[in-house]
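Nothing in this text is a laboratory measurement; each read-out follows from the coordinates by a stated rule. Note that the structure is predicted; figures quoted are calculated from it, not measured. Note that each Cβ is placed from the backbone with ideal geometry, even for glycine, and that neighbours are counted across all protein chains shown.
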Amino acid sequence: MSSATHSPHVLLTGANGFVASHILAILIDRGYPVTVTVRSQEKADDIIKIHPSWKGKVEFAIVADFTSAKPFDHLFESPKTPFNYVIHTASPVTFQVSDIQKEMIEPAEKGTTEILKAAHQHGGTALKRFVLLGSAVSVLDSFEDLSRQGKPYTEKDWNPVTAEQAIDKHDNVLGYNVSKIRAEAAAWKFMEQTPTSFDLTVINPDIVIGPMIHPISGPKSINESNNFAIASFIDGTHKEIDGVTFPFYHFVDVRDVARSHVDALENPSAANQRILLIAGLISPQLVVNIIRKNFPDLANRVPKGDPSQILPPGVHPTGWDMRMSLGILADGTKEGKWEYIGLETSVVDTVDSMIKHKLIS
């Protein structure tokens, strides 16, 4: 959709995050009045420092603890103009935790249910849609061998992994999967049990990569997916390709993730739907091929591998049936057609952003 002036008021949570920063950029570009949550005034200042043109176009609300009801109650009660739409992205996205239940699962689930309760109790009838950033890990089966071709996943599938399994295995990746599953399941349960004025859309992307426009303070500011999928091949983490694997075999560019959220706000077809975002195949070999081709100055530090072997021998990844999601996404565009950003563009733009932020010398 092209830029235009809109009056609907949007609430965006977790605005200084990797995906949310891109969502905010599109909301501002399209002229939406927008209120965003951040954990501190310092984080609000960081956003304006890196994007000075956004000053005066966004209102900040400080929510230090998004698992508590009180901040969200106040947020929905206080605006001069009621919210028409909510985009909820705030959720733990780090694997460096010691307590999976308390640091991953509970914050994700409780953060989602508390904002939904506040939206219902204090949002009023002006609120029409709640868009939740989910993940493809809520859909795929964590215990299936995704390297073997199986039945394609669809929007109807749910990952069966449980909190008990993640905790018993001391597996933080499984813990993250459970956090996304529980948050999304809690959202749908709330909608089933509560007569709300608004409907729900959940966006479930696979590995999200792409340029970073959120506040960056050094290599540790690189989001998890960009770090393992791209930066790790440049910073010396991986000297060879052999033995390096990604948790999944498909990706989507962060700009497409952001666009899908904003398009969903006013797309009737998105009501009460799960939308899958899968742009195409990704593998360590594909990534290093692209970096070495487009950044010859970096080639001496990026492993070469076997450029012709884009997947390990015998690997035939389980695919995705995207027909329903693509139809919904297309309905949300002005042109009536949805096109994904390709892997090469995504990787090149990501590396360019790392160079711009001096994360690569």
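Miscellaneous remarks
- According to the Cα-based calculation, Rg over Rh for the stretch 313-361 is 1.18, with Rh computed by the Kirkwood formula.
- The stretch 108-153: C-alpha gyration tensor shape, a/c 1.5 cut-off, then a/b vs b/c: prolate
- Centroid-to-centroid separation of the stretch 191-265 and the stretch 36-80 [C-alpha atoms, Å]: 22 Å
- Principal-axis analysis of the Cα atoms of the chain puts helix 106-122 at an angle of about 30° to the longest axis.
- Its relative contact order, with pairs defined as Cα atoms under 8 Å and 6+ residues apart, puts the chain at 19 percent.
- Across the stretch 173-327, C-alpha contacts under 8 Å between residues 6 or more apart give a mean separation that, scaled by the residue count, equals a relative contact order of 28 percent.
- Sorted peptide list for 251-257, 346-352, 27-33, 304-310, criterion being average Cβ within 10 angstrom, highest first: 251-257, 346-352, 27-33, 304-310
- Relative pair counts by distance (%), Cα atoms of the stretch 96-174, 10 Å bins: 14, 36, 31, 16, 3
- Per residue, the convex hull spanned by the Cα atoms of the stretch 267-361 measures out at 142 cubic angstrom.
- Full extension of the chain between Asn294 and Glu240 gives 17.5 nm of extra length, using 0.36 nm per residue less the Cα-Cα distance.
- Just so you know, the Rg over Rh for the chain is 0.95, from Cα atoms, with Rh as the Kirkwood radius.
- When the helices of the chain are scored as -39500 (n - 2.57) per DSSP H run of n ≥ 4 and the total is divided over every residue, the value at 222 nm lands at -11000 deg cm²/dmol.
- Among Phe143, Phe246, Phe130: highest mean-square fluctuation, GNM of the chain, C-alpha pairs under 10 Å: Phe143
- Convex hull volume per residue in cubic angstrom - Cα atoms of the stretch 141-283: 158 Å³
- Principal semi-axes in Å for the stretch 14-92 [√(5λ), Cα gyration tensor, largest first]: 19, 15, 12
- Relative packing of 275-288, 52-65, 325-338, 207-220, which averages over residues the other C-beta atoms within 10 Å, highest first: 275-288, 207-220, 325-338, 52-65
- Listed residue pairs exceeding 24 Å between alpha carbons, taken from Lys110/Lys337; Lys239/Lys293; Lys151/Lys304; Lys55/Lys334; Lys128/Lys151: Lys110/Lys337; Lys151/Lys304; Lys55/Lys334; Lys128/Lys151
- Restricting the calculation to Cα atoms, the stretch 41-165 shows an Rg/Rh of 1.04 when the hydrodynamic-style radius is the Kirkwood one.
- Pairs spanning more than 23 Å between alpha-carbon atoms, out of Lys80/Lys117; Lys57/Lys356; Lys70/Lys169: Lys57/Lys356; Lys70/Lys169.
- The gain in end-to-end length when the Glu164 to Ser53 segment is fully stretched comes to 35.3 nm, 0.36 nm per residue minus the alpha carbon separation.
- Among Thr81, Thr112, Thr201, residue whose mean-square fluctuation peaks in a GNM of the chain (springs only between Cα atoms under 10 Å): Thr81
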